[in-house]
Structure formats: structure tokens, C-alpha cells
Amino acid sequence: MKIKNAIFLLISISILTSIGLGISIIYSDYIYNPTGFIASVNIIDSSYLSSEPGVENDIENESENIKVMLNKIDEWAKGANATIIQKNGFVAGVGFCSYSDWIKNNMNIDVNSIDKSGVYLLNDLNLYNAYVIGDVFLPETVALEILGTYDGNNTPAIINGVDFIYPLSLSTSVEGMYFTDTTEIGTLIDLFEKSGYEVLSIRQSQNMTIISLLQTLFQDNFLSKALLIALIGLCFCFIYCVLLMYRENCSLLWIHHIFGLTFKRFITAIFIILFIISLISTILLKSLLVNGLTYLNSSDINRITKSVAVTIILLISIANLIGIYYLMKQFKLRD
């Protein structure tokens, strides 16, 4: 009997850990947002995807079209009272236009004093020595005035590793990642699509409720549906495993009850065992995540661990309420 109970406990721990891993996958794919409360849009010029080989674009017209598009984006940000940050993989800095307090609150920069020909530079002595002469940034090329500096140690994740920020109007490309502090990005997406750009990806900043998450999982691709069904199946397997333990130990518990085992002591012992199971499952899950099964940082891993711990407690409570009801019913039949 002890071996059988030990096997049941190992199976239960394995099932609970698997449920935790499934929850971590859902979190990383549907809830995790690397930009925090900033929405992001990744766009590319659709003309590059449809143009025939050997056809060259008019550079002068293209440059003018870029300026027009950047002005439209600026106007959108102004109308939405939003901040726009443009990140291009080929530029060490980022372009921005700001009509909210995001830049001021997160980078301690007063954007009201921004000059169209000026930049804000990362507070780094090596950067100054390499690219600055007499308070002028890149004097031999763009020759932009340095309006101030910002501390790289306290910047948000989307600005990490950025050497300088410059007005969006100085950008030489429309393509790239756009970050904004407003959740109303539908009109911005329409602006890109109507101007000949293709939206490759969208990452919204709003928090998902449990109901909306379940709806998304059911409406998304086949893999998300399969994952959700698998998690539901594992939950039923765990409940069934616990009920099997109650059924297998019913006679033994009845004998102990005859010889003085009270229901209070029995329930206390059950809760101690359940606490040990949940603790082992949670620790095992966290160790798996920390040691390479996810790309998430420690704060996200802690958030997943807490969510899994709550889920495990709920599952254990449901399973054992059913088990105790079954046990009480069997004891009454034997009285």
C-alpha cells in the first residue's frame, strides 16, 4: 500500500508540474509583454515585397515620401496625445515624437525643450569621446546639437542599449518597430496600411482577463486549442488520481477510524500532505524555468510561479473536497 501511495504521489507531482509548464507557455505566448505597458507595431514597406527584381526606386521621391509619412505619424501622435518611439535595426539611436509625459516620466527628459536639430545622448564618457566635439554630435556628418543626456541604468527596456534619441522627423526610414504609450492603436495601424506599409506584428498593452484569454485560446490556431485541451485533460487526470488514492485507502482509513483516528486529525494530515505536494510541484516548476525552459526574466518567472501555486491549490481543494465527500459517504454506509 505504501508503494502504491508513493506512486500516486509521484504521478500527482508530475501532473501538477506539467500543468505549470503549460501555464508558462500560455503566459509567454499570450500574456507576456516585453515592452510593459507600451504597445508595439512592427511594419515594413510592402513595395519591397511586391517589387520585381531589377526595378529601382526613385531615391528622391522615396525620401520625400518618407518625410510625408513621418509627418503623418507625428500628426497622429499629436491627435492621440501619445508618445511614439521608432526603433530601426540599422541605427544606434531611436527616433521619437512626444505629446504625453512618457519620455519625461521614464527618462527624465523635458520634451518641451526639444529642438528639431538636437539629440539627447546617453550619459557615457566613451560615447562622448568618440562622437562628440564641442557639444556637437557627429560633427562631420549630421552635426546635431546635444540638448541633454539620460541615464542608461534606469531607462525602460525598449530604450536599453540605445546611444541617443532624436526627433522622428530626422529619421531616414519609416520601417521598423513603433512603440506607443496609448492602447488606441487601431488608427495608427490603418495609417500604415493605407500608406503602403504592411504590419508584421502587433503587441497590445492591455491586460487580459481570464475570460478573454480563454476566448483567445479557443479562437487562435490549432496549437493553442490543443494546449488548452491538454491542460484541461491534465486537470481531470489529477482529480482522478486523487480520487483513486481515496478509494484505495478507504478500508485502511476505516480501520484507523475504528481505533481512534478522528476526522480532525485525518483532515489535518491530508492538508499537510497536500501542502507538501503543492510545494514540491511549485519548486520543481520554478527550477525547470530558471534552468533554461523559458527566456523570461526572474520577475516573470515569479509571476508564473505564483499563478501556478494558486492553480495547484484550487485543483487540490476541488479534488480533496470530492474525495472527502466520497470517504464520508463510505463511512456512513459502514456504520
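Of all residues in region 1-17, those that are among the basic types (Lys, Arg) have Cβ atoms under 8 Å from Cβ atoms of residues that are in a helix (DSSP H, G or I), 6 or more apart or on another chain, in Lys4/Glu248.
Among residues of region 237-251 that are in a helix (DSSP H, G or I), those with a beta-carbon under 6 Å from a residue that is among the polar types (S, T, N, Q) and at pLDDT 85 or above at least six positions away or on a different chain give the pairs Cys241/Ser12. Kindly evaluate Ile85 against the criterion of being surrounded by 16 or more Cβ atoms within 10 Å (Cβ to Cβ), assigned by TED's automatic domain parsing to the domain that holds Phe192 and either out of contact with any Cys (no Cβ under 7 Å at 6 or more places or on another chain) or modelled with pLDDT of 85 or more (or both). In short, yes. Taken together, Leu327, Leu314, Leu288 contain a single residue that is assigned by TED's automatic domain parsing to the domain that holds Ser28 and closer than 13 Å to Leu21 by Cβ, which is Leu288. Residue-level check: of (1) out of contact with any helix residue (DSSP H, G or I) (no Cβ under 8 Å at 6 or more places or on another chain); (2) part of a helix (DSSP H, G or I); (3) modelled with pLDDT of 75 or more; (4) not charged (D, E, K, R), Ile13 misses just (1). Among the residues of region 217-249, those that are aromatic (Phe, Trp, Tyr) and closer than 15 Å to Leu16 by Cβ comprise Phe236, Phe238, Tyr240. Looking across region 224-272 at every residue that is touching a helix residue (DSSP H, G or I) at 6+ places or on another chain (Cβ under 9 Å) and farther than 23 Å from Leu321 by Cβ, the one that is modelled with the highest pLDDT is identified as Ala230. Using the structure shown, decide if Leu70 is modelled with pLDDT of 90 or more, buried (at least 21 other Cβ atoms within 10 Å of the Cβ) and more than 19 Å from Thr187 (Cβ to Cβ). Taking the combined requirement at face value, the residue does not satisfy it.
Scanning region 113-130 for residues that are part of a helix (DSSP H, G or I) and modelled with pLDDT of 80 or more yields Leu125, Asn126, Leu127, Tyr128, Asn129, Ala130.
Of everything listed in (1) more than 31 Å from the chain's Cα centre (by Cα); (2) free of Cβ contacts under 8 Å to residues at least 60 places away in the same chain, the single unmet condition for Gly152 is (1). Scanning region 155-171 for residues that are within 25 Å of the chain's Cα centre (by Cα) and in contact (Cβ under 8 Å) with a residue 24 or more places away in the chain, we see that the one that is surrounded by the most Cβ atoms within 10 Å (Cβ to Cβ) is Ile159.
Residues that are assigned to a helix (DSSP H, G or I) and surrounded by fewer than 18 Cβ atoms within 10 Å (Cβ to Cβ) within region 88-112 comprise Lys104, Asn105, Asn112, listed in sequence order. Exactly one residue out of Thr183, Thr141 is touching a residue at least 60 places away in the same chain (Cβ under 8 Å) and either under 29 Å from Ser201 (Cα atoms) or of a type in the set (S, T, N, Q) (or both): that is Thr183.
The values are calculated or read from the model by the stated rules, or taken from the named source; none is laboratory data. As the structure is a computational prediction, the values presented were derived from the model and not from experiment. Cβ atoms come from the backbone with ideal geometry, glycine included; neighbour counts cover every protein chain shown.
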